[in-house]
Amino acid sequence: MASDIRSQSQAEIEQEISALTAKYANVEWPFETREILSDCIASLGGLFAAQTSTNHEPRRFYFFRVRAASSFKSEDEIKIPTQFGHPPPEYCSSVGRAHIPGHPVFYASDSYEAAVREMKLPNEQYYYISSWYTDEITIPKLNFLFADNICSSRLIDNFDRAVSDMWKEHNVLDDLNRARMKAHLCAWSNLFLTNNYSLTASIAHTNMYGQYANHKIICYGCAIDGKAVNYAVHPNLASQFKLHRVYSVSVPDIYGDIGFIQCAKIDDNGLLEWHQITEEELPLNDPFLPTQREDTKNA
């Protein structure tokens, strides 16, 4: 997929992105994901600017996933653990940020606050947050974590390492072309902050399901919170995730406080047993979840 990079200035990259987003602004399904990815590669300098990272020491990963309360058909459904995972293929009928119809992914975040606020709808107040985890494993991830809005130390450090590795790989020594490669790397990640799903779905699908289907997780930044990481996970991997807790919450305003109401864990019958949440069960107070430990998040 990679080829020699065509050095472009920041202005040229911005012009190419504008042309790409305009070209695919109103494209309707079905479209050829591989052709759109190829168009992105050609337009943005001939190099597929992503970083594959693997945690070499096995570790546990954590994910937060959100679903609107109004999307459930009945109260019985909120007792079924699988209702909080990814949808089956037959219910995946539209194009999303990292999927195409018939090919669902498990969308999640390493921040429950960011996950809720990205899902927040003007007329929707109630949501469910599910927390998931893995056994201690190694995971290769395809990272688009270099957008202009990143602002946490872990993402900035990750960006600096990726840029340095990119310079070394292509033996780029002069300041001009180093700056251009840096802008090129950012441009691909910035695409994932837009609402042009035909572009990002084509990039993600081709790398999870398509011709280059050797990645099970696509990581990309959060448009609302530059400290958070979002994930699109292939169902084959997501099916191995374990459900820790589910929370019902109230979110009156996109930037307001998240009000926790109830929580549930899986009981002996395999169903979720709901009860009024206690202080100890809040995500911030739960010792099992790394909500206070930035260095253990899934970057």
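Observations on the model:
- Computed over the chain, the ratio Rg/Rh where both radii use C-alpha atoms and Rh is Kirkwood: 0.98
- Exposure proxy ranking, count of Cβ atoms within 10 Å, fewest first, for 94, 130: 94, 130
- Likely footprinting exposure, 188, 132, 167, 29, fewest C-beta neighbours within 10 Å first: 29, 167, 132, 188
- A simple spin-label model places the labels of residue 286 and residue 77 2.2 nm from each other, with each point 7 Å out along Cα-to-Cβ.
- For the pair residue 32 and residue 236, label points projected 7 Å from Cα toward Cβ lie 2.5 nm apart.
- Eligible lysines near residue 265 by straight Cα distance, threshold 26 Å, same-chain separation 8 or greater: 73, 79, 120, 242, 297
- Cβ-defined net charge surrounding residue 58, 14 Å radius [Lys, Arg +1; Asp, Glu -1]: -1
- Taking trypsin sites (Lys or Arg not before Pro) in DSSP loop states with no more than 11 other Cβ atoms inside 10 Å as exposed sites, the chain has its longest site-free stretch at 74-292.
- Net charge contributed by nearby residues that have their C-beta within less than 12 Å of residue 198 (K/R +1, D/E -1): -2
- A Förster radius of 22 Å, combined with the Cβ-Cβ distance separating residue 265 from residue 94, puts the computed FRET efficiency at roughly 0.10.
- Whole-angstrom Cα spans of region 1-89 along principal axes, big to small: 55, 42, 23
- Taking the square roots of five times each eigenvalue of the Cα gyration tensor of region 15-155, the equivalent ellipsoid has semi-axes of 29, 23, 16 Å, listed largest first.
- Each residue in 261, 78 was given a count of other beta-carbon atoms within 10 angstrom of its own, and listing them fewest first yields 261, 78.
- MRE, 222 nm, helices only [DSSP H, n ≥ 4, -39500 (n - 2.57), over the chain, to nearest 500]: -8500 deg cm²/dmol
- Total formal charge among the other residues, if their Cβ is under 15 angstrom from that of residue 142, Lys/Arg +1 and Asp/Glu -1: +2
- Label-to-label distance, nm, for residues given as residue 19 and residue 156 (7 Å Cα→Cβ offset): 3.5 nm
Every number here is computed from the coordinates shown, using simple stated rules; none is lab data. What you see is a predicted model, and the numbers here were worked out from it, not measured in a lab. Cβ atoms come from the backbone with ideal geometry, glycine included; neighbour counts cover every protein chain shown.
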